[in-house]
1. Which condition breaks for Lys9 when tested against (1) in contact (Cβ under 8 Å) with a residue 24 or more places away in the chain; (2) part of a helix (DSSP H, G or I); (3) in contact with a helix residue (DSSP H, G or I) (Cβ under 6 Å, 6 or more places away or on another chain)?
2. If Leu74 passes every condition in (1) assigned to a helix (DSSP H, G or I); (2) at pLDDT 95 or above; (3) open to solvent by 70 Å² or more (accessible area, probe 1.4 Å) but one, which one does it miss?
3. So which residues in segment 14-33 are open to solvent by 90 Å² or more (accessible area, probe 1.4 Å) and more than 27 Å from Gln68 (Cα to Cα)?
4. Exactly one of (1) of a type in the set (Val, Ile, Thr); (2) surrounded by fewer than 10 Cβ atoms within 10 Å (Cβ to Cβ); (3) part of a helix (DSSP H, G or I) is unmet by Thr45. Its number?
5. Could you list, in sequence order, the residues of segment 14-39 that are touching a residue at least 12 places away in the same chain (Cβ under 8 Å) and either at positive phi or not in a helix (DSSP H, G or I) (or both)?
6. For segment 52-63, how many residues meet the condition of being surrounded by 12 or more Cβ atoms within 10 Å (Cβ to Cβ) and assigned to a helix (DSSP H, G or I)?
Amino acid sequence: MQSTESKAKQVYTPELDKMQAVHDQSQAIGEFLDWAVAKGRVEVTGSVEKLLAEYFKINLDRCEQERQMILKNLREERNK
C-alpha cells in the first residue's frame with residue numbers, strides 16, 4: 001500500500017521555522033504590547049509585528065519569500 005503523504009517538494013524555510021519556534025512567546029508579548037498601547041502606558045513606533053520580528057531576529061521579507069516559494073510549489077504540484 002502506498003503512503004498517503006504528499007509527494008510535494010520540500011521547501012527550505014529557515015525564517016518561517018524560526019517564526020514558528022517563537023510563536024507562543026511572540027503572541028504573548030504582542031498581546032501585552034497591544035494592551036499597554038491601548039492603555040496609554042507605552043508608545044510603539046511602527047508596527048508591533050516589525051518590533052517583534054526585530055526582537056526575535058526574524059527577517060519578514062525573507063518570510064514572505066519563503067511563503068511565496070511554498071505557494072509556487074503547491075501550485076506546481078496541483079497542476080501536474
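1. (2)
2. (2)
3. Glu31, Phe32 - these are the residues of segment 14-33 that are open to solvent by 90 Å² or more (accessible area, probe 1.4 Å) and more than 27 Å from Gln68 (Cα to Cα).
4. (3)
5. Scanning segment 14-39 gives a single hit, Val22.
6. 7
The values are calculated or read from the model by the stated rules, or taken from the named source; none is laboratory data. Small disclaimer: the values here were computed from a predicted structure and weren't measured. Heads up, the Cβs are rebuilt from the backbone with ideal geometry, glycines too, and the neighbour counts pull from every protein chain shown. Note: accessible area is taken over every heavy atom of the protein model, side chains too, but ligands, DNA and RNA are not part of it. Shrake-Rupley method; radii C 1.70, N 1.55, O 1.52, S 1.80 Å.
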